[in-house]
Amino acid sequence: MASLTRSAPAASLPGSIATRRSSARWRIPIAAKLILGFLLVIILMSVVFIVAGIELIGHRIVDEAQQKVRYDLNAAREIYSGRLGNITDVVRFTADRFLLMNALLSGDVELVTDELSRIRDREALDVLTITDAAGRVLVRSSNPGVLGDDQSHDELVQAALKDLQPAASTILVSAQDLELESPALAEQARIEFIDTPRARIRPESQETAGLMLKAAAPVFDDAQNLIGVVYGGVLLNGDFELVDKVKQTVFQDLMYGGKDIGTATVFQDDVRIATNVRNEDGTRAIGTRMAEDVYNQVVVEGEPWVGRAYVVNDWYITAYEPIRDFSDQIVGVLYVGILEQKYRDLQRETVLVFLGIALLGVAGAMTLAYLVARPISRSIGKLAAASREIAHGNLDATVQIQSNDELHELAKTFNLMTTTLKERDQKLKEFTTRKVMESERLALIGHLAANVAHEVNNPLQGIVAYSHLLLEKMADGDSSRAFVQKIVVQAKRCTEIIRGLLDFSRQRKPLKQPCDVNGVLRECLALIEDQALLHNIQVQRNLQGNLPPVVVDPSQIQQVFMNMLINAAEAMDGRGRLTLSTREEPAGGFVEVAFEDTGRGISEENLEKVFDPFFTTKDVGHGTGLGLAISYGIIREHKGTITVESEVGRGTCFTVRLPMAAEEAVTRGNAT
């Protein structure tokens, strides 16, 4: 007797063993996975926090530096304004001196010159001069031999003569006027340009005009009549007193890395005329120039600049603001800057500390993850070992986990599951044994029923034939005719039941070939359209043209379609509308045929039974209940599906799906 179990080919065994060995070699313990998972989360979070922290630290440090440099610029402005205010006070007090006024009215030029020279030296002024009421120079303390020139073009002198009030401002003094005041001042103002990285292109090679802090005040006689103007000032070109005072006051002369941590500068246009910024050789960077981007914002657009800027030969956190003259024109720029390197180093040190803390946190988290993962791993290992025992048939395997958590509950559930499996396994064995015995008994009964049906069919055919002959010979008025008529009807019904039983038990394999579904459907309609059952039924055809062929047995599919058509007609009691539809379903590789009637419909409780053998909703004597069962078997043999949708009182739709290819899966589905 041949064995029913087919062994695996011998050639496949080494590959299976190799696969198992490979999977075992690459098996990662659950503890490692948990630790790696924790580590991945920790690393990702640490990276996010580190990046965000570095950015935050960087921005915070830069913001603090910029805020500080703003305060430093405010302090520098106050020192600058204070120096201009001091010059204004000196000039105003000089104009109010009684002795000076009397000497001026008496024409004692020598006395006035001596007094002005004494005041100029004491107050550290570069210029102190008196003009008459028309603006012509009467006394010049810085250059006594040059008198009589007209200074009425000077904006401050004009303002003092016109408004009869002191006026002060930063003004641009031409080289000619400086030469009149003092040839030494003209030489001091002359500055040669030095090539500077990032500076704008200029056609000039030197600066000859000077930037001066200057004030002018009117001089009156006893009757308060204007008799002249006193003006005085300090030339900023080459004068380092102001910028050094800013550095000393604001930055306290602090050094960093051998460089001044803070610097201050006065620009004339874009040229450094007074600065404590140093060249690489240690000299003051007089004649170097402002970066072009800073110049465009501060001088051209008139807006302050606060931010990172390249200053001569290094990067600074800087603040620039324009210096305006008496007519509000920008003539220079006031600058303060803090060496950027200090803040970069501070930022780097902070980031390193931050990284150290983060790495220590990662190490601590890894240790904690290991301590947390290890007990979990051991518990899961016990569960895995017990699962393998069960997989190999040992249903007595149990797991003992003493932890007050879900794993303990899982172990209890696992042990309960093994107990349940043992009970279910025993019940399944008993059930299987019983079902096998029932199947053998049913198979024997089926075989016996087929033989009985075959044996009964022959005498039954004789009964039908002789009852028909007897009925034909009986007169119409014979009282026994009704009884014979009942014999004929019941004998025919028995014949139909036996034929259906034989068809159901002896379904043959289909002889498949490419077939046109629309053609089969038309042939079926042609066979039954003349029957009285379809006379009052409207048949609506929705057949898709160019429908691809399906691989079926035409005669068996015709049997299915005939059964569907007749069932639909009977469900409508010979009156209603029957809609026949065909369509291609390319996605699934099927052709669908739908039979939709407007009959009584099928109740929900009967919908699941319509394909069961001997189930029928027709009246007794009007069907065997094998038609749909036979149809379902035929469609299943064709690897297709047949489904039904129905609603009581509205009708039923049977849908047959046939594959366009020979090999397709079969499913049975009902939908309400």
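Restricting VAL250, VAL234 to those that are under 19 Å from VAL333 (Cα atoms), at pLDDT below 90 and of a type in the set (A, V, I, L, M, F, W, C) reduces the list to VAL250. Going residue by residue through the stretch 544-557, is there one that turns out to be within 57 Å of the chain's Cα centre (by Cα), in a helix (DSSP H, G or I) and hydrophobic (A, V, I, L, M, F, W, C)? The answer is yes; a qualifying residue exists.
Number of residues in the stretch 264-286 that are within 51 Å of the chain's Cα centre (by Cα), buried (at least 22 other Cβ atoms within 10 Å of the Cβ) and under 19 Å from VAL173 (Cβ atoms): the value is 5.
Where helices (runs of 4 or more DSSP H) fall wholly inside the stretch 67-175, the ranges with 3 or more residues that are in the same structural domain as TYR343 (by TED's automatic domain parsing) and over 23 Å from ASP222 (Cβ atoms) are 109-123, 155-163. For ALA373, the test of being touching a Leu at 6+ places or on another chain (Cβ under 6 Å), touching a residue at least 24 places away in the same chain (Cβ under 8 Å) and closer than 30 Å to VAL173 by Cα is failed.
Every residue, every condition in (1) in contact (Cβ under 8 Å) with a residue 12 or more places away in the chain; (2) farther than 30 Å from LEU105 by Cβ; (3) of a type in the set (D, E, K, R), yes or no:
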site: LEU211; (1), (2), (3): yes, yes, no
site: PRO218; (1), (2), (3): yes, no, no
site: ASP221; (1), (2), (3): yes, no, yes
site: VAL243; (1), (2), (3): yes, yes, no
site: GLU280; (1), (2), (3): yes, yes, yes
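Hey, which of the strands (runs of 3 or more DSSP E) in the stretch 257-362, taking only ones fully inside, have at least 2 residues that are under 23 Å from LEU236 (Cβ atoms) and not assigned by TED's automatic domain parsing to the domain that holds LEU242? Here the list is empty.
The condition (being farther than 30 Å from ALA75 by Cα and not in a helix (DSSP H, G or I)) is satisfied by just one residue among ALA411, ALA397: ALA397. In the stretch 383-401, the condition of being in contact (Cβ under 8 Å) with a residue 40 or more places away in the chain and among the β-branched types (Val, Ile, Thr) is met by no residue.
Scanning the stretch 125-136 turns up no residue that is in contact with a Lys or Arg (Cβ under 7 Å, 6 or more places away or on another chain) and under 22 Å from ARG324 (Cβ atoms).
Does the stretch 223-233 contain any residue that is outside any loop (DSSP other than H, G, I, E, B), under 60 Å from the mean Cα position of the chain (by Cα), β-branched (Val, Ile, Thr) and crowded, with 16+ Cβ neighbours inside 10 Å? Please lay out each step first, then the result.
Looking only at the stretch 223-233, we keep the residues that are outside any loop (DSSP other than H, G, I, E, B), and these are 226-233.
Cutting the leftovers down to under 60 Å from the mean Cα position of the chain (by Cα) gives us none.
There is no residue in the stretch 223-233 that is outside any loop (DSSP other than H, G, I, E, B), under 60 Å from the mean Cα position of the chain (by Cα), β-branched (Val, Ile, Thr) and crowded, with 16+ Cβ neighbours inside 10 Å.
Looking for something out of contact with any Gly (no Cβ under 7 Å at 6 or more places or on another chain) and either modelled with pLDDT of 85 or more or within 22 Å of THR208 (Cβ to Cβ) (or both) - is there at least one such residue anywhere in the stretch 339-351? For the stretch 339-351, residues out of contact with any Gly (no Cβ under 7 Å at 6 or more places or on another chain) and either modelled with pLDDT of 85 or more or within 22 Å of THR208 (Cβ to Cβ) (or both): present. Restricting the first member to the stretch 460-477 and to residues that are farther than 18 Å from CYS494 by Cβ, and the second to residues that are in a helix (DSSP H, G or I), the beta-carbon pairs closer than 7 Å and six or more apart or on different chains are MET474/ARG481; MET474/VAL484.
Apart from one condition, ASP293 fits all of (1) in contact (Cβ under 8 Å) with a residue 60 or more places away in the chain; (2) under 48 Å from the mean Cα position of the chain (by Cα); (3) on the phi > 0 side of the Ramachandran plot; the exception is (3). Just for the stretch 513-546: of the residues that are β-branched (Val, Ile, Thr) and in contact with a strand residue (DSSP E or B) (Cβ under 7 Å, 6 or more places away or on another chain), which one is surrounded by the fewest Cβ atoms within 10 Å (Cβ to Cβ)? Here the answer is VAL539.
The values are calculated or read from the model by the stated rules, or taken from the named source; none is laboratory data. This structure is a prediction, so every number in the text was calculated from the model and none was measured. Note that we place each Cβ from the backbone using ideal geometry, even for glycine, and neighbour counts take in every protein chain shown.
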